[in-house]
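Following: one structure in structure tokens, then a few remarks.
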Amino acid sequence: MTQIELRGIHKYFGAVKVIKDLNLAIADNEFIVLLGQSGCGKTTTLRAVAGLETIDEGDILIDGQPVQHIKASDRDIAMVFQSFSLYPHMTVYENIAFPLRATRMSRNDVDRSVREIAGVLRITGMLGRKPSALSGGDMQRVAIGRALVRRPKAMLMDEPIGALDAKLREEMRAEIKRLHTKQGSTTIYVTHDQVEAMSLADRIVIMHEGILQQVGTPEEVYSRPANIFVAQFVGSPVMNMVDADVSETGGRASVQVGGEANGFEFPATLVNRLSDANAESGKLTLGVRPEGVLISREAREGFMPVKAHIIEPLGSHDIVDLRVGDQMIRARTKSGFVTGPGESVWARIDPAQAHFFNTATGSSLGIIL
Amino acid sequence: MAAVQTRSERALNRVAITAVLVITLIFLAPIYWITSTAFKPRNLATTIPPTVLFQPEISPFVKLFTKRSQLRTAPTPEEYSAAPWWERMVFDGGEKIVRSGRGEVQPSGYPSRFMNSLIVAITSTVLAVGMGTFTAYGFSRFKVKGEADLLFFILSTRMLPPVVVAIPMFLMYRAVGLNDTHWGLIILYTAFNLSFSVWLMKGFIDEIPKEYEEAALVDGYTRMQAFFKIVIPEAATGIAATAVFCFITAWNEYAFALIMTNRRAQTAPPFIPSQVGSGLPDWTVIAAGTFLFLLPVAIFTFLLRNHLLRGMSFGAIRK
């Protein structure tokens with residue numbers, strides 16, 4: 001049972017504030033992913049929890065106890081580093097046994113624990129080798145083994161698979177998920193890769209320039225992004241963001257984009273919802289993911305004629321750039337649905353997948369149609 | 001690397017190999033000279049042109065280790081035949097071995113000077129490398145206020161020729177009674193080598209990723225334990241390289257040893273040439289003393305050669 005709570009954390013590096021008023025409660029057994037670009041403060045947060053970094057303000061609580069004055073070695077937390085950090089002069093066995101040797105565990109118990117965890121990670125055959133003789137994936141298995149072996153209160157992972165190649169990364173991602181399901185321990189995982197975050201996390205914490213942007217399940221941050229930053233950071237290809245004007249014509253709302261006279265059709269309730277949310281005209285940004293842009297080959301009710309500009313065939317699907325006025329909107333279609341650039345098609349925006357943001361502040365207006 | 005070499009590449013290669021050979025020979029020549037002289041009979045040591053082919057003998061070493069005096073009268077045939085083989089060599093050279101009243105062979109000053117050299121060089125190397133490693137670790141891992149200035153200050157102690165402080169040092173040593181003591185030389189050599197050791201070790205420790213220690217810290221070890229269990233083994237190469245350089249400096253130091261010591265704590269470097277002055281110089285004995293003096297450094301360097309080679313390329317190659 002381990003809960004971790006961060007209360008009002010502030011951290012400066014010199015005059016630079018790298019963490020600004022961070023509050024976060026992590027439940028027992030939860031897999032939390034800190035997601036953000038490099039320099040957003042996610043690694044600093046992780047290192048502060050580990051005790052490798054001091055904080056300037058706030059409290060870090062583990063199981064309700066403030067730990068900011070407790071040394072790293074006494075926090076009973078394990079950490080996996082991006083560089084693996086296996087001790088090069090020790091064998092795999094000695095590496096995994098190393099944390100246990102710091103305790104008063106008997107030789108037999110150490111041996112049993114090492115072999116047990118090696119079995120779980122399928123590295124029993126490598127125990128006698130030196131880290132330099134291992135592949136990147138195996139090195140990371142050993143590093144994870146070293147972290148798990150003493151059953152720490154919490155597991156911290158700092159871009160643990162960032163240094164691996166794409167195929168191995170996918171494999172290790174599945175492995176980490178399997179281990180967490182099997183071993184179960186409160187885990188904080190840092191990454192800049194949103195795919196990793198989406199696939200691993202119980203909850204994702206998105207940070208930007210030291211400020212927490214949104215906390216939520218992968219589903220929540222994907223379908224209900226709190227602001228433009230989150231909306232564009234999560235999901236690939238990136239969400240379309242265009243300045244929009246909304247007008248009401250004939251019992252329908254029309255959303256004009258890119259100076260185009262025709263607007264995308266929306267239910268009339270949009271107008272009221274926007275005014276309820278205090279949206280000012282001229283300060284409205286429409287966000288829609290490429291899969292929320294629907295395309296038809298022939299004219300249909302509520303669809304607007306547009307021209308295809310660039311087509312990126314990706315095998316399983318195509319990404320098509322559509323020209324709307326002076327703006328581009330990317331749509332996701334079946335492969336080969338649009339045959340070539342310049343082709344005229346009809347497009348509409350799925351109201352259920354449209355997001356509206358305040359252009360000035362970037363925050364979501366919270367309108368779900 | 002191209003598997004096929006062009007003709008010009010091959011020619012260039014040959015020139016390079018020849019140059020390396022020539023340079024190696026130039027460097028080895030004095031060592032050959034000393035070694036051959038150490039095994040020559042005295043009358044062949046100073047011939048012009050030098051004698052290259054000769055029957056090697058060990059009389060120089062017998063003379064090196066014993067106290068001798070000039071023979072005033074030749075030994076009687078009984079004396080000569082009663083003497084052991086090594087004593088006859090000394091008789092042949094026109095000298096006799098000095099014996100105590102009870103007939104024990106009196107040793108020369110060389111063995112004790114050699115011992116002094118070992119004591120002083122080893123102790124000062126251990127101290128300089130040990131303290132240097134700790135200091136370097138501190139500079140490498142912690143935010144030290146005025147780090148650059150302090151490091152420069154440490155290095156600046158080597159910016160003047162040490163001999164210029166010889167007289168003040170001598171006076172200070174005399175005042176505190178460190179003259180002609182082992183500790184006197186050990187402190188001096190440690191101080192010499194420390195700045196070098198700090199700088200060299202800092203380079204090596206900077207190369208060790210600090211994640212290793214951080215991993216040890218979260219694994220439940222204190223910083224001190226992490227230092228000894230992780231940093232020291234990882235820095236072994238650097239420690240070996242630094243130790244070799246410090247040992248060579250301390251072992252070969254001449255000027256201060258000459259000024260600060262004369263008897264009890266005198267090391268081999270000032271002692272060996274002092275033998276030149278008494279009577280006609282016996283170059284074979286001096287060569288024998290020098291030859292033996294070369295051995296510890298040669299052995300030490302040979303034992304650590306792998307570390308040393310890795311040490312030289314450390315930092316140049318990204319692992």
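Odds and ends about this structure:
- The listed residue being modelled with pLDDT of 90 or more and among the β-branched types (Val, Ile, Thr), out of A:Val271, A:Val257, A:Val221: A:Val221
- All of (1) in contact with a helix residue (DSSP H, G or I) (Cβ under 7 Å, 6 or more places away or on another chain); (2) over 27 Å from B:Pro41 (Cβ atoms); (3) part of a helix (DSSP H, G or I) hold for B:Val144 with one exception: (3).
- Summed over segment A:159-175, residues that are under 23 Å from A:Ala48 (Cα atoms) and in contact with an Asp or Glu (Cβ under 9 Å, 6 or more places away or on another chain) total 3.
- The set of residues from segment A:229-241 being among the β-branched types (Val, Ile, Thr) and surrounded by 21 or more Cβ atoms within 10 Å (Cβ to Cβ) comprises A:Val230, A:Val234.
- Flag for A:Ile55 being assigned to a loop (DSSP other than H, G, I, E, B), in the same structural domain as A:Lys17 (by TED's automatic domain parsing) and at pLDDT 90 or above: yes
- Single unsatisfied condition, A:Lys177 versus (1) loosely packed, with under 15 Cβ neighbours inside 10 Å; (2) touching a residue at least 24 places away in the same chain (Cβ under 8 Å); (3) in the same structural domain as A:Phe81 (by TED's automatic domain parsing); (4) not aromatic (Phe, Trp, Tyr): (2)
- Residues in segment B:214-235 that are touching a residue at least 60 places away in the same chain (Cβ under 8 Å) and at the interface with chain A (Cβ under 9 Å from one of its Cβ atoms): none.
- Among the residues of segment B:38-56, those that are in a loop (DSSP other than H, G, I, E, B) and crowded, with 16+ Cβ neighbours inside 10 Å comprise B:Phe39, B:Lys40, B:Pro41, B:Ala45.
- Residue that is farthest from A:Pro351 (Cα to Cα) [pool: residues in segment A:284-340 that are among the charged types (D, E, K, R) and part of a strand (DSSP E or B)]: A:Glu312
- Among the conditions (1) out of contact with any Asp or Glu (no Cβ under 6 Å at 6 or more places or on another chain); (2) surrounded by 15 or more Cβ atoms within 10 Å (Cβ to Cβ); (3) over 27 Å from A:Ser199 (Cα atoms), A:Glu5 misses just one, which is (3).
- Of all residues in segment A:114-139, those that are touching a Phe, Trp or Tyr at 6+ places or on another chain (Cβ under 6 Å) and closer than 19 Å to A:Ser83 by Cα total 1.
- Within segment B:117-135, no residue that is without any contact (Cβ under 8 Å) to a residue 40 or more places away in the chain sits with its Cβ atom under 7 Å from a residue that is surrounded by 19 or more Cβ atoms within 10 Å (Cβ to Cβ) at 6+ positions apart or across chains.
- Selection count where residues are in a strand (DSSP E or B) and either aliphatic (A, V, I, L, M) or within 9 Å of B:Gln70 (Cα to Cα) (or both), scope segment B:85-101: 3
- The residue list A:Val92, A:Val110, A:Val120, A:Val114 contains one member that is surrounded by 14 or more Cβ atoms within 10 Å (Cβ to Cβ), of a type in the set (Val, Ile, Thr) and farther than 29 Å from B:Ala236 by Cβ, which is A:Val120.
- Close pairs (7 angstrom Cβ cut-off, 6 or more residues apart or separate chains): free of Cβ contacts under 8 Å to residues at least 12 places away in the same chain in segment B:88-109, in a helix (DSSP H, G or I) anywhere: B:Arg88/B:Tyr80
- If the condition is being loosely packed, with under 14 Cβ neighbours inside 10 Å and either without any contact (Cβ under 8 Å) to a residue 12 or more places away in the chain or aliphatic (A, V, I, L, M) (or both), then segment B:245-273 contributes only B:Ala255.
- Meets criteria (buried (at least 18 other Cβ atoms within 10 Å of the Cβ) and in contact with a strand residue (DSSP E or B) (Cβ under 6 Å, 6 or more places away or on another chain)) for B:Arg68: yes
- Residues within segment A:68-119 that are within 12 Å of another protein chain (Cβ to nearest Cβ) and either assigned to a helix (DSSP H, G or I) or of a type in the set (Ser, Thr, Tyr) (or both), tallied: 15
- Boolean, A:Gly258 is touching a Gly at 6+ places or on another chain (Cβ under 6 Å), over 23 Å from A:Ala163 (Cα atoms) and buried (at least 23 other Cβ atoms within 10 Å of the Cβ): no
The values are calculated or read from the model by the stated rules, or taken from the named source; none is laboratory data. Quantities reported herein were computed from a predicted structural model and do not represent experimental measurements. Heads up, the Cβs are rebuilt from the backbone with ideal geometry, glycines too, and the neighbour counts pull from every protein chain shown.
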